[in-house]
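Presented below is the structure to which this report refers.
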Amino acid sequence: MIGAIFAVGDDGAFGNAGMIPWYYPEDFKHFKRTTMGGKIVMGRNTWESLPGVLPNRDHIVLSTSMSTTPDVRVYPDMDALLHAEGNNFWVIGGPSVLKLFGDTLGYDVVYMTTVFGSHPHDVSLSSMDIIGGLTPVDIQAYDGFQIAKFTNERKF
């Protein structure tokens, strides 16, 4: 199962100054519940934006410029990553890594949090680049955001 889990503003906001431009504890809890015990794949900038290693998850970074770090496996390209890690993981960002896996392999499942309103941002993402062609199967509404689950019906 190759999945994606990410949050994006309805204005396309993805990040600002190396941080997420909003804070919703329930969204962080959903991320934790979903990824706990699994592998999370990300680019170097996403890795550098984290507060450190997230507990009970294998951290995999796709980067040609980052050297290996304790508790993190680094691969220079998607083929090397797939050869070593298989195809059971969550892609968490950034936008180019999300798009790379979506365009090349397609996702089995995507959890996309949409945060309502305008947000300052220096990194953006077109969510349609990730969820295009997938089928929405569940939407949970919260105050200020929603979490939608999409699946690839052809794979299920």
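Observations on the model:
- Within segment 3-18, residues that are more than 17 Å from Pro51 (Cα to Cα) and of a type in the set (Asp, Glu) reach partners that are in a strand (DSSP E or B) and at pLDDT 95 or above with beta carbons closer than 6 Å, at six or more positions or on different chains, in the pairs Asp10/Thr114.
- Being surrounded by fewer than 18 Cβ atoms within 10 Å (Cβ to Cβ) and either in contact with a Gly (Cβ under 8 Å, 6 or more places away or on another chain) or of a type in the set (Lys, Arg) (or both) is a description that applies to Asp58.
- Some residue of segment 138-146 being modelled with pLDDT of 95 or more and closer than 14 Å to Gly3 by Cα: no
- Hits in segment 82-103 - residues which are closer than 28 Å to Gly12 by Cα and part of a helix (DSSP H, G or I): Pro95, Ser96, Val97, Leu98, Lys99, Leu100, Phe101, Gly102, Asp103
- Residue check, Val74 among the β-branched types (Val, Ile, Thr), within 20 Å of Gly38 (Cα to Cα) and part of a strand (DSSP E or B): yes
- All conditions in (1) under 21 Å from Asp122 (Cβ atoms); (2) out of contact with any Leu (no Cβ under 7 Å at 6 or more places or on another chain) hold for Leu105, with the sole exception of (1).
- Residues satisfying the stated conditions in segment 1-56, i.e. in a loop (DSSP other than H, G, I, E, B) and under 22 Å from Leu105 (Cα atoms): Met1, Gly38
- Residue count for segment 27-54, restricted to those that are loosely packed, with under 11 Cβ neighbours inside 10 Å and either within 18 Å of Met1 (Cα to Cα) or touching a residue at least 12 places away in the same chain (Cβ under 8 Å) (or both): 2
- Here is the figure for segment 125-145: residues that are in contact (Cβ under 8 Å) with a residue 12 or more places away in the chain, surrounded by fewer than 16 Cβ atoms within 10 Å (Cβ to Cβ) and in a strand (DSSP E or B) total 4.
- Residues considered: Phe101, Phe14, Phe6. Of these, the only one that is within 19 Å of Gln140 (Cα to Cα), touching a helix residue (DSSP H, G or I) at 6+ places or on another chain (Cβ under 9 Å) and of a type in the set (Phe, Trp, Tyr) is Phe6.
- Here segment 82-101 is the region considered, the condition is being of a type in the set (A, V, I, L, M) and over 16 Å from the mean Cα position of the chain (by Cα), and the residue that is surrounded by the most Cβ atoms within 10 Å (Cβ to Cβ) is Leu82.
The values are calculated or read from the model by the stated rules, or taken from the named source; none is laboratory data. Please read all numbers here as calculations on a predicted model, not as lab measurements. Backbone-built Cβ (ideal geometry, glycine too); neighbour counts: all protein chains shown.
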